1. Can you tell me which residue in segment 142-165 is surrounded by the fewest Cβ atoms within 10 Å (Cβ to Cβ), limited to those that are within 17 Å of His65 (Cβ to Cβ) and not β-branched (Val, Ile, Thr)?
2. Working carefully through the options Leu338, Leu343, Leu328, Leu374, find the one that is on the phi < 0 side of the Ramachandran plot, among the hydrophobic types (A, V, I, L, M, F, W, C) and assigned to a loop (DSSP other than H, G, I, E, B).
3. Can you go through Ala454, Ala490 and tell me which one is under 50 Å from the mean Cα position of the chain (by Cα) and in contact (Cβ under 8 Å) with a residue 60 or more places away in the chain?
4. Filter segment 187-203 for residues that are in contact with an Asp or Glu (Cβ under 8 Å, 6 or more places away or on another chain) and of a type in the set (S, T, N, Q); which is nearest to Leu328 (Cα to Cα)?
5. Name the one entry in Arg273, Arg288, Arg306 that is free of Cβ contacts under 8 Å to residues at least 40 places away in the same chain, within 29 Å of Glu11 (Cα to Cα) and not hydrophobic (A, V, I, L, M, F, W, C).
6. Could you check segment 429-447 and list, in sequence order, the residues that are basic (Lys, Arg) and part of a helix (DSSP H, G or I)?
7. Name the residue that is nearest to Gln228 (Cα to Cα), counting only residues in segment 1-21 that are in contact with a strand residue (DSSP E or B) (Cβ under 8 Å, 6 or more places away or on another chain) and outside any strand (DSSP E or B).
8. Counting just the residues of segment 448-465 that are of a type in the set (Gly, Ala, Ser) and assigned to a helix (DSSP H, G or I), which one comes out surrounded by the most Cβ atoms within 10 Å (Cβ to Cβ)?
Amino acid sequence: MSRNNDSWGIEVGVQAIKAIRLVKDRQGVTLAEYDVLPFKQVLTTPDLRVDEAIQLHLDLFLSRHDVRGSHVVVSVPGSMGFAKFTKLPPVDPKKFADIVKFEAVQQIPFPIDQVEWDYQIFQQPDSPDVEVGIFAITKERLARVLNNYHTVGIQPDGVTLSALAVYNAMCYDMDLTPQSPGMVFMDIGTSCTDVIIVDAGNLWLRTIPIGGNNFTEALVQAFKVTYQKAEKLKCEAFTTNYARQVFQAMRPVFADLVLEIQRTLGYYQSFNRDAQLKTIVGLGSTFRLPGIRKFLSQQLQIEVVRHSAYRKLATEGKQAAHFAEHALNLATAYGLALQGLGLERVSANLLPAAVVKHRLWQAKRPWIAAAAALMVATAGAAWVKTLAEESAYDALVKQNESRIASVLEQAAANVQKWRQIEGGSDPRQRIESLRRILDYRELWPAILYDLTLAARSLQEQPELLVPDYDSIKRIPRDQRRRVYIQSVTAEYVFGDQGRPSAGGSEPAGPATADAIWGPLSFANEGSPQGGADAGAPRRVPSFVITIKGTTPYKDGSSLLGQKFLGWLQSNAQRADRPYRIVATQQSLVKIERVGQSETEPRPPTGYQPRTPSRAPLRPQPPGRAALPSGGKGGEGVRVISSADYPLLLPQRPLQDEPRSGDWSFEIQWTVELVRPEEARQVRQIAAETGEATHASLPAPQAEQTR
């Protein structure tokens with residue numbers, strides 16, 4: 001059901017669909033939403049499927065806005081309807097309806113059964129004169145208009161003429177009263193112009209078949225351009241170099257418009273000689289034409305102003321500035337939304353009477369159903385009470401028995417569950433193990449990065465860091481401060497100082513942090529292993545890291561012992577590492593001369609390369625290949641196997657250097673894992689800085705192959 005404090009006003013014009021949603025509260029009305037959806041082509045374009053274009057844009061409107069729960073009031077152009085005003089004889093107000101119907105039959109130029117019509121009584125409290133406005137539209141036209149809305153799922157609650165919507169909007173926004181001076185509202189639309197005269201509380205209106213389209217078509221005919229170019233030329237009339245020619249082309253349309261307005265005002269004043277019309281308020285996008293107000297004011301001898309803002313409509317934020325650009329074109333939609341809120345002066349509704357009755361019935365159905373249900377409930381209350389009292393005793397007995405049985409069953413089930421929990425394993429150990437999975441996530445990246453930094457501490461010559469092999473060869477091989485790492489292995493141990501403990505396994509019992517590292521207390525929190533005695537042997541999870549490699553440096557023992565191991569010793573314990581390094585001079589397990597130089601694979605014994613011949617290759621089984629050996633006519637083709645493949649591979653630039661002076665080494669040190677709490681702190685530091693633990697260190701200046 002739609003709410004009385006929420007209303008949409010929708011106008012389908014010739015150039016665009018314009019809609020406004022208003023919300024009413026104690027302070028007034030607030031602009032909740034609005035939209036302007038221009039058509040790709042004006043609806044007066046020849047051969048255009050008008051209904052299809054309207055339905056397509058209404059679908060687009062519904063995709064942007066939700067109209068459910070709101071009143072929806074739509075308009076029909078003044079050119080599609082009728083508006084007649086006449087004075088009634090002084091009769092009993094109870095007979096107004098019959099007299100108005102008689103006048104409608106006389107005034108409407110169609111059979112009364114072929115139109116939908118409504119009326120509005122205009123009478124001043126201190127005047128005996130009664131004037132009535134009769135508004136009508138043929139059922140065929142109305143059905144076509146409503147069909148476009150029904151097709152997309154919009155069910156309008158009201159239909160009125162666009163001129164009446166403008167009148168409602170201006171009366172509300174400008175607080176017009178019978179004492180307000182006479183005013184003329186001129187809404188110049190795309191295809192027609194609505195002239196609305198408000199004088200001493202009375203309303204009179206007329207639709208003139210001249211609009212903005214006429215100005216555009218005049219430019220099309222005068223300059224032989226397309227409609228779009230003519231529309232742009234019309235809007236930029238004052239800024240173009242052809243302003244004089246543009247206005248000269250539009251002058252006949254201006255003259256026709258002025259003539260029709262003069263005839264309209266003269267006709268009204270001939271019946272209302274006391275009327276004093278002092279101001280014309282312009283609405284519609286055509287009033288943006290430069291010079292139109294000055295021209296109309298000079299020709300009509302009446303002040304012409306352009307309405308550009310609504311004083312009583314509250315707008316908020318960015319919407320206010322954007323809404324001001326379209327305010328000139330939204331008067332009709334504004335008045336329609338006000339009618340949905342019940343704030344209109346003229347409440348004429350051209351919606352078919354059957355539809356209105358159906359809507360009223362739908363709105364009252366919940367109340368009627370509630371009243372019927374209340375009557376049925378009241379009539380059957382006594383009978384239900386009697387049956388309830390008769391079965392009350394038996395029901396209470398059965399209810400108590402079932403409740404007791406239910407409680408006993410629940411108690412037995414709870415006991416069984418408790419026994420299962422009591423006899424099962426403690427889940428806290430599993431929870432702790434799962435939680436510790438991520439404690440040492442940064443372990444291996446950090447170890448490998450420390451290995452890289454230890455190698456960097458050798459202070460290699462700058463020539464060794466770039467792929468310029470001539471520069472490398474100029475450095476004697478035994479003076480090159482670099483290592484070639486051939487393998488890196490890791491062995492997990494649990495023992496004293498990283499050495500295997502007796503039995504070679506971890507202690508029995510739950511593998512909690514306190515069981516391994518000892519309890520953590522405030523008194524010993526700064527010690528290396530929490531609560532453990534600093535002087536006692538440490539039994540913590542550790543990894544023994546072993547690297548093997550070679551170095552060409554002449555004093556390899558000094559290079560590895562002072563630089564490589566020296567770096568490990570000086571960086572043994574850091575806040576950004578989940579481990580501690582245990583490295584001594586004894587960590588250099590082995591260092592010895594390489595011995596006789598070993599070179600890359602040589603050609604097989606007895607094989608002599610020959611000059612390739614043009615002999616065709618002989619098909620070979622899979623996995624084998626053939627090379628020509630210089631025979632004639634295909635003779636002498638030699639089959640090669642996988643043992644010959646190294647001959648086909650590119651050779652390394654430094655492979656031919658002798659290695660008899662190189663050192664072969666093996667280094668072994670231990671990394672002890674810190675307590676999980678400290679490892680989490682390392683991860684927390686990395687999370688707060690937004691960087692991985694190993695990525696927070698300074699990066700190498702150049703990449704090198706080890």
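1. Of everything passing the filter in segment 142-165, Gly153 is surrounded by the fewest Cβ atoms within 10 Å (Cβ to Cβ).
2. Step by step, each of Leu338, Leu343, Leu328, Leu374 is checked, and only Leu343 is on the phi < 0 side of the Ramachandran plot, among the hydrophobic types (A, V, I, L, M, F, W, C) and assigned to a loop (DSSP other than H, G, I, E, B).
3. Ala454
4. That would be Thr193.
5. Arg306
6. Across segment 429-447, the qualifying residues are Arg430, Arg435, Arg436.
7. Gln15
8. Here the residue is Ala454.
The values are calculated or read from the model by the stated rules, or taken from the named source; none is laboratory data. Remember, it's a predicted structure, so these values are computed and weren't measured experimentally. Note that each Cβ is placed from the backbone with ideal geometry, even for glycine, and that neighbours are counted across all protein chains shown.
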